[in-house]
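Coordinate-derived values only; no laboratory data. The shown structure was predicted, so the numbers you read here are calculated from the model rather than taken from an experiment. Virtual Cβ from ideal backbone geometry, glycine too; neighbours counted across all protein chains shown.
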Ligand code: F6P
C-alpha cells in the first residue's frame with residue numbers, strides 16, 4: 001500500500017479541488033491512500049491550530065462533489081516558507097530558519113512515500129527543495145490565476161479569472177458610455193500581464209497596461225483624444241496590478257518579512273493621473289480577489305482533473321522532482337528545476353499583443 005500526501009500552497013485558484021479529487025480517485029484505483037496537509041504546511045508546522053491533527057485522510061467520500069467548487073478543501077497559505085521560516089527575535093527583528101526537516105520527519109512517521117504539491121512558483125520551489133533533500137518522491141502540479149509559470153502552456157484558474165474579468169469589462173462598457181467616462185479596471189497577475197492582456201483584448205479595452213511594457217500616460221491620453229475625435233466619449237483602460245510607469249516602480253500596498261510584497265493601487269494612481277491629464281471624468285474598479293473566486297470553467301476543471309490524474313500516474317511511473325505540464329495535446333513531466341527557474345511573462349511579440357495593436361488598442365508605449 002502506497003501512501004501519498006498532498007497540499008495546496010500560495011493563493012487559491014479555481015480548480016484546486018478538482019485536482020484533489022482527481023488525485024484521490026486515481027490513487028484509490030491503485031489501492032493507495034491519500035493524506036491532505038492543511039493550509040500549505042501549517043498542518044505540520046502548527047499542529048496546535050488543527051483539531052484534526054493537521055493531516056487528514058482524504059477518502060473518496062471526502063472528495064465527492066467538489067470538482068466545481070472554488071477554493072480548496074485543504075486550505076492554503078502564502079506565508080511562512082518552511083525553508084526560510086521567519087522567527088521573531090526578542091529584539092523584534094526576524095531571523096529565518098529551515099523547518100523542512102520537520103516536514104519530512106512528520107510525513108515519514110505516517111509512512112508517506114510520495115508528495116504532490118499543488119502551487120505556484122513559491123510552492124513549487126519549496127517542493128523542489130524538498131525533492132532535493134531526498135527520502136520523499138515529489139511531484140508538482142502548477143496552479144495560478146496569474147499564468148506566470150514556465151514550462152506549461154497554461155495553468156488552471158487562469159481561464160476562469162480571464163472569463164470573469166471579461167464579463168466585468170462587458171458590464172463596464174455600458175456605464176462608461178452612459179456617463180461619458182473613462183473606467184480604469186485593475187486586475188491581478190503579479191509581475192505578469194496575462195490576465196490584463198487576455199481579458200482586455202477579449203473585453204474590447206481601449207488601453208491595456210501590463211508590467212512587460214512600462215507605460216507613459218501621454219500615449220493613453222492621445223488614445224482617449226483620438227476616440228473623442230471619432231465621437232467615442234467613453235473608454236476602458238485595463239491595468240495589471242504590476243504595471244509600472246516608464247522609469248518608475250511598482251505600486252505596493254504592503255511588504256512584510258516572510259511574505260511576498262502585496263501589489264495594488266496602480267489603478268487608482270492611473271485613474272487620478274488620467275483624469276488630471278485628460279480632463280475626463282474617471283472611475284476605478286479593482287477586481288482583486290474576485291478573480292480568484294467562483295467555480296472553475298469547464299476548461300479549467302478539465303485541466304485540473306488532467307493534472308491531478310497525471311500526478312498520480314507520474315508517481316506510478318517512478319517519476320520524482322517533476323512538475324506535470326500542459327503541452328497540447330498531452331500532459332508531460334518537466335523537471336521542477338526547469339519549471340521554477342524563471343517566471344513566464346508576456347512576450348512582447350506574442351500574437352495577442354500583435355492582435356491588440358492591430359485592433360488599435362493602446363499599450364501605453
Ligand atoms: O498569485 C495570485 C495572486 O492572486 C496575485 O495575482 C496577487 O498579487 C496575489 O496573489 C495576492 O495575494 P493575497 O491573497 O496575499 O492578497
Approximate spin-label separation residue 216-residue 337, in nm, with each point projected 7 Å along Cα-to-Cβ: 4.4
Mean separation of Cα contacts under 8 Å (6+ apart) over length of the chain, as relative contact order %: 22
Per-selection metrics, the stretch 28-72 (Cα): Rg and Dmax in Å: 12.1, 33
Label-point separation in nm, residue 358 to residue 180, each point 7 Å along Cα→Cβ: 3.5
Volume per residue of the C-alpha convex hull in the chain, rounded to whole Å³: 146
Calculated SAXS-style log₁₀ I(q)/I(0) at q = 0.19 Å⁻¹ - the stretch 151-276, Debye, Cα scatterers: -1.06
Degrees between helix 266-278 axis and first principal axis of the chain (Cα, 0 to 90, nearest 10): 10
The chain: most fluctuating residue of 188, 277, 343 per GNM, C-alpha cutoff 10 Å: 277
Sites residue 29 and residue 302, calculated FRET efficiency, Cβ-Cβ separation with R0 22 Å, nearest 0.05: 0.70
Alpha-carbon centroid distance for the pair the stretch 250-298 / the stretch 138-192, whole angstrom: 12
Tilt relative to the chain, helix 158-179 - C-alpha long axis, 0 to 90 degrees, to 10: 20
Helical mean residue ellipticity (222 nm; -39500 (n - 2.57) per DSSP H run of 4+; nearest 500) of the chain: -11000 deg cm²/dmol
Spin-label model distance (nm) - residue 52 vs residue 350, 7 Å beyond Cα toward Cβ: 3.7
Cα-based helix-to-principal-axis angle, 217-229 vs the chain, degrees rounded to 10: 50
Value of Rg to Rh for the stretch 193-256 (Rh from inverse mean 1/r over Cα pairs, i.e. Kirkwood): 1.03
Computed Kirkwood radius, in angstrom, where 1/r is averaged over Cα pairs of the stretch 168-224: 12.2
Two-decimal ratio, the stretch 227-348, of alpha-carbon radius of gyration to 2.2 N^0.38 Å: 1.53
Footprinting exposure proxy for 324, 167 (fewest neighbouring C-beta atoms within 10 Å first): 167, 324
Kirkwood-Stokes translational diffusion coefficient of the stretch 84-144, alpha-carbon pairs, 20 °C, 1.002 mPa s, µm²/s: 167
Solution diffusion estimate, µm²/s, Stokes-Einstein, the stretch 92-185, Kirkwood Rh from C-alpha pairs, 37 °C, viscosity 0.692 mPa s: 194
Most mobile of 27, 117, 229 in a GNM of the chain (Cα contacts under 10 Å): 229
Sequence-separation-based contact order of the stretch 1-89, relative, with Cα cut under 8 Å and 6+ spacing, percent: 40
Of 280, 151, 143, the one that fluctuates the most in a GNM where the chain has Cα springs shorter than 10 Å: 280
Likely footprinting exposure, 361, 118, fewest C-beta neighbours within 10 Å first: 361, 118
Quarter of Cα convex hull surface for the stretch 1-136, i.e. mean projection, nm²: 8.6
Evaluated over the stretch 1-62, the Cα radius of gyration and Dmax, each in Å: 11.9, 33
